[in-house]
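Below you'll find the structure, written out as structure tokens, and then a few comments.
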Amino acid sequence: MTNPLLSTGALPYGLPPFAQLAPSDYAEAITAGLEEHVAEVQAILDNPAGATFQNTAVAMEKAGQLLQRATASFFTLVSADATEEIRELETELSPRLSAHQDEVYLNRALFDRFAAIDTSALDPESVRLVEEYLREFRQSGIQLDGSGQDRLKGINAELSKLGTEYGQRVKEGRKSSALLLENADELAGLPADDVASAAEAARAAGHEGKFLLTLIQPSNQPAMAALENRDVRRRLFEASIGRGSNGGSSDVLELVRSMAGLRAEKAALLGFANYAELVVDRQTAPDFEAVQSMLNRLAPAAVRNADAEAAALAGIAGHPLEAWDWAFYAAKVRREKYAVDEQALRPYFELDRVLRDGVFFAATSLFGITFHERSDLAGYHPEVRVWEVRDQDGAERGLFLGDYYARGSKRGGAWMNSLLEQSALLGTRPVVINNLNISKPPAGEPTLLTLDELRTTFHEFGHALHGLFSNVTYPRFSGTAVPRDFVEYPSQVNEMWVLWPEVLANYARHHITGEPLPQDVVDRLHDSRLWGEGFATTEYLGAALLDLAWHVLDEPGIPDDVLAFEAKSLAAAGVAHALIPPRYRTGYFQHVFAGDGYAAGYYSYIWSEVLDAETVDWFTENGGLNRANGEKFRHELLSRGNSRDPLDSFRALRGRDARLEPLLKRRGLE
């Protein structure tokens, strides 16, 4: 049979027919895509006519469609449903794809053609396209001599290999570090549906009659807020923070040392003082000093708030506080001081209703779009659901795929990715995916969300909106293809609707009785808003500053003892809190070491939150959840992608540059 990936196929929106695909199909399609892209680039170079925008820049944007289609489908599986065959194929293909990227952007003749394009009569988006290509050539090392380019290619290939290995080991470590318990008594305090999920997880892992507490990607595990057995909390905490650094097949510390050294060498080769300087050069932040200045300004106030919270916890614990006690007693303070019991809220946050009457309702209220589940369309796993998204006039906008449950074949955390991106040039419409890692309940039981899972559901859909509303000409600028320190901004804005009165009243209903969440509970949720911000900000800053510590090193500075370096770096940054580990430690900091996605860029969440806090104020000042606000946000920001400077898009929305004060107020850091 013909490999379905080799053509665009007959399914709506170009959705791949995943059920018909075998690992060999991905390998064949990616290999064919690489060959086709090489030939397309060569055709541009062989064109005897002088370089023009059409025969060079537009031709490059049209090239590589098979490769893009095949890799998008393949890496969706790598992240969300990786079999052993898929993992082996990833190990084989990743260095080839890295080498291909180098061959394109280290091609001097191709760079010369772009440099020769006359942009004087072009529209602004087309001018930006040429400028962005030239920027990528320079940041990829086009200015290096032959030996420098050869060394850079070697570095990139090795980094690709190491990042793939890191990601696979972290996934295995998260699975192997899950805490197996013998009897239900050890789970005292955990809600009944979580106990049932733990029993189901144990059964699926071959431990019938026992209970398995699986891990989420961050250090802090949700069950620690409810488990009454202090020793079980300790064991769960130690299992979480020890991942990747306890020896054995899932240990990643030597991989980290190698990656840090290679990144430092790469930065020096490209003329930067360190890897962090190289990364920030591609972002909206003006320079690395601006990033450091903001984080250093926030850290002391965050730790002061955390210390105040710790004192309050110690006052009710009745024993010296340990890190594994924090979440348990923080939940107790929330219950006793603010009369907010987060576990008691979960029956009001049932997943299907949250999606239909919360996430989708807010989007319809703001933008007029509608959602139509397509049971006739299948994703890459039976648990994936597919919705067709239409504009108010009924016009087809794109597909949204939701994959919400945790499983052994999926990496940790939550994310959005695209199978197909919008482009007027190519005539394509977006196909976007949201992935979460919610524990799946036993068959027939409802999926009840924690507050954190509720926020994450809205957050990831903000990324989806960024992709769905893209309205650009060139695929290079589509959707979330913006600087890393801008990409989290729209998703963080979308979290504002979680507790917005009209939205909350529409979805927060008891899954059995249908009763709405009582108003006094809503009021108490607002009253308790700042409780826990000291912990949350300190935990986040610990991860962001640890990321930067690894990426300001030069080659001779790579430490022999990774864990000692981690402790020293956190202390030097002022965020080494005995009771608050960083949100991610080096052994499982997948954002940073499983590829280059957030390397030296984890600061972007708080950098984006400056824009987010300003935008929440803008929505509130202008009436909140209404179509006029939605249309302006869509037109000036969500639809623009990277087709213009993203900060210009923010200014077009807000009318000025962002200020830090709204963020400080939100986090209680004034």
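No value in this document is a laboratory result; all are computed from the given coordinates. Model, not experiment: these values are computed from the prediction. No Cβ is skipped: glycine too gets one built from the backbone with ideal geometry, and neighbour counts run over all protein chains shown.
Taking a point 7 Å from the Cα of LYS161 along the Cα-to-Cβ direction, the residues of segment 576-605 with backbone N closer than 20 Å to it are 593-597.
The distance separating the Cα centre of segment 338-380 from that of segment 578-647 comes to 21 Å. Here the Karplus curve 6.51 cos²θ - 1.76 cosθ + 1.60, taken at θ = phi - 60°, turns the phi angles of segment 189-205 into couplings of x, 6, x, 4, 5, 6, 4, 4, 5, 5, 5, 5, 5, 5, 4, 5, 8 Hz, with x standing for Gly and Pro. Here the spin labels are modelled as points 7 Å beyond Cα on the Cα-Cβ line, and at ASP393 and LEU6 they lie 4.0 nm apart.
Short-range pairs are left out: with C-alpha atoms under 8 Å and at least six residues apart, the relative contact order of the chain is 16 percent. Across the options ALA27, ALA51, THR71, the greatest Cα extent toward the positive end of the charge dipole of segment 4-143 (unit charges at beta carbon of Lys, Arg, Asp, Glu) belongs to ALA51.
Recomputing Cα extents along the principal axes in Å from the coordinates shown identifies the correct label among [x] 80, 61, 56; [y] 107, 86, 73; [z] 123, 59, 47 as [x]. Shown here for segment 285-390: GluC sites (Glu not before Pro) in loop regions (DSSP other than H, G, I, E, B) with at most 14 other Cβ atoms within 10 Å, namely GLU322.
In nm, what is the difference between 0.36 nm times the number of residues separating THR620 and ALA121 and their Cα-Cα distance?
175.5 nm
Of all DSSP bridge pairs formed entirely within segment 346-527, close to 75 percent run antiparallel. What net charge is computed for the residues neighbouring ALA314, neighbours being all others with C-beta under 11 Å from the C-beta of ALA314, Lys and Arg scored +1, Asp and Glu -1? Here the charged neighbours net out to -4.
Across segment 13-27, coupling constants 3J(HN,Hα) worked out from phi with the 6.51/-1.76/1.60 Karplus curve, θ = phi - 60°, read 6, x, 4, x, x, 4, 5, 8, 9, 10, x, 5, 5, 5, 4 Hz, and Gly and Pro carry x.
Around the amide H of LYS440, modelled in the peptide plane, lie the amide H atoms of ALA406, all under 5 Å away and 5 or more residues distant in sequence or on another chain. May I ask which residue of TRP415, PRO475, ALA505 lies farthest towards the positive end of the charge dipole of segment 346-527, with charges of +1 (Lys, Arg) and -1 (Asp, Glu) on Cβ and the Cα centre as origin? It is PRO475, whose Cα lies furthest towards the positive end.
Calculated translational diffusion coefficient of segment 552-612 (37 °C, 0.692 mPa s; Stokes-Einstein with Kirkwood radius over alpha-carbon pairs) equals 247 µm²/s. The convex hull drawn around the Cα atoms of segment 346-527, when projected onto a plane and averaged over every direction, covers 11.6 nm². Note on segment 1-111: the C-alpha convex hull projects to 8.0 nm² when averaged across all orientations. Neighbours of ALA576 by Cβ distance under 10 Å: Lys/Arg scored +1, Asp/Glu scored -1, total 0.
Applying the criteria of a DSSP loop state and at most 15 other Cβ atoms within 10 Å to the trypsin sites (Lys or Arg not before Pro) of segment 493-593 yields ARG529. When the C-alpha to C-alpha distance is required to be over 27 Å, the pairs from LYS161/LYS410; LYS332/LYS410; LYS62/LYS153; LYS210/LYS440 that qualify are LYS332/LYS410.
Return SER491, SER365, SER7 ranked ascending by Cβ neighbour count within 10 Å, so the fewest neighbours appear first.
If I rank by nearby Cβ atoms, fewest first, I get SER7, SER365, SER491.
Label separation (HIS511 vs ALA314): 4.0 nm, computed from points 7 Å beyond Cα along the C-beta direction. When ASP102, ASP281, ASP376, ASP527 are sorted by how many other C-beta atoms sit within 10 angstrom of their C-beta, beginning with the fewest, the order is ASP376, ASP527, ASP281, ASP102. For THR428, the residues whose modelled amide H falls within less than 5 Å of its own, excluding neighbours fewer than 5 places apart on the same chain, are SER423. Rounded to the nearest 10 degrees, the angle from helix 451-468 to the longest Cα principal axis of the chain is 20 degrees.
Can you tally the net charge around ILE155? Count Lys and Arg as +1, Asp and Glu as -1, for every other residue whose Cβ sits under 9 Å from the Cβ of ILE155.
Counting the neighbours of ILE155, the net charge comes to +2.
Computing FRET efficiency as 1/(1 + (r/R0)^6) for ALA290 and LYS568, where r is the C-beta to C-beta distance and R0 is 30 Å, gives about 0.75. The residues TRP550, TRP497, when put in order of fewest to most other Cβ atoms within 10 Å, stand as TRP497, TRP550.
Charge dipole (Cα centre; +1 on Lys/Arg Cβ, -1 on Asp/Glu Cβ; no other charges) of segment 500-648 amounts to roughly 360 debye. Compared with the alpha-carbon gap, the fully stretched path from LYS665 to ALA43 is longer by 218.3 nm at 0.36 nm per residue.
Just to verify a number: FRET efficiency for ARG524 and LYS332, C-beta to C-beta distance, R0 = 22 Å, to 0.05? Plugging the Cβ-Cβ distance into 1/(1 + (r/R0)^6) gives 0.90.
Karplus-derived 3J(HN,Hα) values for segment 76-82, using 6.51 cos²θ - 1.76 cosθ + 1.60 with θ = phi - 60°, are 4, 5, 3, 7, 10, 7, 8 Hz; glycine and proline are entered as x. Does segment 261-382 classify as rounded, prolate or oblate by the C-alpha gyration tensor (a ≥ b ≥ c root eigenvalues; a/c under 1.5 gives rounded; else a/b over b/c gives prolate, otherwise oblate)? Oblate is the answer for segment 261-382, as a/c is 1.5 or above yet b/c matches or exceeds a/b. Each 5 Å bin, from zero up to the one with the longest distance, holds this percent of the alpha carbon pairs of segment 330-408: 3, 12, 17, 17, 14, 12, 9, 7, 5, 2, 0. One chain, two ends: GLU92 and ARG651. Fully extended at 0.36 nm per residue, the span grows by 196.8 nm beyond their Cα-Cα distance.
At an R0 of 30 angstrom, the distance between the Cβ atoms of ARG455 and SER24 translates into a FRET efficiency of 0.15.
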